[in-house]
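Undergrad: Here's a structure for you.
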Amino acid sequence: MRKQLLQILIFVFVDVLGFSLILPLLPYYADTYGASATVIGFLLASNAVTQLIGAPVLGRLSDRYGRRPLLIVSLIGTLGSFLLLGFARSLWMVFLSRVLDGFLGGDITLAQAYISDITDTKDRAKGLGLVGAAFGLGFILGPAMGGVLSAGGNYALPAFIAAAVAAVNLLGVLLFLPESVSKKPLEERRSKPETRFSWPLLWKALHLPCVGPLLNLQLFYRLAFTIFETIFSTYALYRFALSAQQTSYVLAYVGLLVVIIQGGVIGMLTKRFGERKLTLAGIVLLTLSFVGWAASPSVGVLLVVLAPLSLAAGILNTVLNSQLSKAVPPEQVGGALGLSSALGSFARIVSPIAAGALLQQLGAWAPGIAAALVTAGLVLYAQRRLPGIPEPITPECNVTPAGSL
C-alpha cells in the first residue's frame, strides 16, 4: 500500500505542477486578446461547465472499470488541452483548450478515489490530506515556474512545458501505477446495477441523510472559495497592479501553506477534534478570512490574511471529501467523489462570472464580501445539519427507502 500511495502522490504532484504552470497566467493570456474581466470570468468558467458533465461520468466509470484506465484517458485529454493552448492564436482557441480539459481532466477526483481504495476509514483523512499536500507542492513550484517562463509576455512557453509535464505523467501511469482494485471485485461491480452511470441515481444522493448535507456543504463552500480561487489573479492585477510573475509568487506562498497544513497538520487535527468539529471551525475561519481579504489595504496585510484562509481551505478540502468517501460503499466512492467534483464545477461556472462582474462593477473588495456572505450562511446550515451526521460516519447512515447512491 505504501508503494501505491507514494506513486499516486507523485502522480498528483506532477499533474498539479503542469496545471498550475498556466492557471495564474490565463487572465494575462486572455488580456492579450483584449478580454475584459467579465470575459476572463467566462473563460475560467468554461472549464467548469464541461467538468460538470465529465467528472461524474469519469468517477462512475472508474467504479466499474478501475481507476487506472480512466486516469490514462484523463491524462490524454490534459495533454491535448495544453498543446492546444500553446498553439492558440486567438481567444476562441484558448476557450477550446479549457473546454477539452474540462471534459477529460478529472485527474484529481480519480486520484482521490484511488486513495480511498487503498486506505481504511481511520487513515482516510490523512491519505486525502497527503493528496492535498502533493497538490500544494505542485502549486509551490508551478506558479513560480510559470511566472519565470512567462517573462516578457511569452505565455505559449508555459503551456508547452505543461504539456511536456502531462506527457511525463502519462508515461509514469502507463509504466508504474497499478490498478487500485483487484480484478475479481471489479468484475463483481460491473454486475451491480447501482454502479451503472445514471444521472437520476446520482441526483438522489442530494436527499440521502448523510451524503446530502455533505454535498450541500461542499457546494456552498466551493461557491465561496472559488470566488477567491478564480478571481485572485485578476484581483491582484486590479487592486495592487501585480504582474503575472508577482501573482505567481503569491500563489506559490499559498501552496507552501497548504503543504504544511495538509501534509501533517490535518492528520493531527482530525485525531484530536474529529472531522465534524473541524468542518464547522473551518467554515467560521474561512468567513473571517474572506472579510480580511476584502479589506486588505496592502500586499503585506494580504499575505497575513492568506495564512488562516489557507488553513480553513486545507481543512475543508480534506474533511468534506473524507466524510463523503466513508458515507458510501467502496464500489460507489468514485461516483460520490465525481458528484462532489461536479458540484465544484458548478461553482466554477457561477463564481468566476459573478466575481468578475462584482470586481468590474463595484471594486476589488466586492468578491471577498460576497464570499464571506455565502460562508456566513453556511455556518448556520452546518450548525443545524452536522449534528445529524454520526461520527465515525458509515454507509449505513444512508439506508433509506430511496436506495443508495
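The values are calculated or read from the model by the stated rules, or taken from the named source; none is laboratory data. Since the model is a prediction, treat every value here as computed from it, not as a measurement. Here the Cβ positions follow ideal geometry from the backbone for every residue, glycine too, while neighbour counts run over all protein chains shown.
Undergrad: Collect the residues in the range 82-108 that are buried (at least 19 other Cβ atoms within 10 Å of the Cβ), assigned to a helix (DSSP H, G or I) and either within 18 Å of the chain's Cα centre (by Cα) or charged (D, E, K, R) (or both), keeping them in residue-number order.
TA: 98, 100, 101, 102, 103, 104, 107, 108
Undergrad: Going by what's in this entry, would residue 320 be described as of a type outside the set (Val, Ile, Thr), at pLDDT 90 or above, assigned to a helix (DSSP H, G or I) and under 30 Å from residue 64 (Cβ atoms)?
TA: Criteria met by residue 320.
Yes or no, residue by residue, for (1) among the β-branched types (Val, Ile, Thr); (2) outside any helix (DSSP H, G or I):
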| residue | (1), (2) |
| --- | --- |
| 209 | no, yes |
| 213 | no, no |
| 236 | no, no |
| 251 | no, no |
| 260 | yes, no |
| 268 | no, no |
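Undergrad: Considering 81, 62, 74, which residue is in contact (Cβ under 8 Å) with a residue 40 or more places away in the chain and among the small types (Gly, Ala, Ser)?
TA: Going through 81, 62, 74 in turn, just one is in contact (Cβ under 8 Å) with a residue 40 or more places away in the chain and among the small types (Gly, Ala, Ser): 62.
Undergrad: To continue, here is another question. Those residues that are over 17 Å from residue 81 (Cβ atoms) and of a type in the set (Gly, Ala, Ser), I need them from the range 139-163; list them, please.
TA: The answer is 144, 147, 150, 151, 152, 153.
Undergrad: Identify all residues within the range 293-310 that are in a helix (DSSP H, G or I) and free of Cβ contacts under 8 Å to residues at least 24 places away in the same chain; write none if there are none.
TA: 300, 301, 304, 305, 308
Undergrad: Another question, then. Please state which of the following conditions residue 116 fails to meet, knowing it meets all the rest: (1) among the polar types (S, T, N, Q); (2) more than 26 Å from residue 343 (Cβ to Cβ); (3) in contact with a helix residue (DSSP H, G or I) (Cβ under 9 Å, 6 or more places away or on another chain).
TA: (2)
Undergrad: Going by the conditions given, is residue 387 more than 22 Å from the chain's Cα centre (by Cα) and part of a loop (DSSP other than H, G, I, E, B)?
TA: In short, no.
Undergrad: Moving to a separate point now. Between 41, 34, which is buried (at least 24 other Cβ atoms within 10 Å of the Cβ) and under 25 Å from residue 363 (Cβ atoms)?
TA: Just one listed residue meets the conditions, 41.
Undergrad: Give the residue, chosen from 347, 336, 313, 342, that is in a helix (DSSP H, G or I), of a type in the set (Gly, Ala, Ser) and closer than 19 Å to residue 143 by Cα.
TA: None of the others qualify; the one that does is 313.
Undergrad: Taking the range 59-73 on its own, how many of its residues are at pLDDT below 90 and touching an Asp or Glu at 6+ places or on another chain (Cβ under 9 Å)?
TA: Here the count works out to 3.
Undergrad: When you go through 193, 178 one by one, which is the residue that is within 22 Å of residue 331 (Cα to Cα) and modelled with pLDDT of 80 or more?
TA: When all the criteria are applied, what remains is 178.
Undergrad: Same structure, new question: Here is a check on your reading of the model: is residue 20 modelled with pLDDT of 85 or more, within 30 Å of residue 123 (Cα to Cα), among the hydroxyl-bearing types (Ser, Thr, Tyr) and part of a helix (DSSP H, G or I)?
TA: Here the answer is no, as residue 20 does not meet what is asked.
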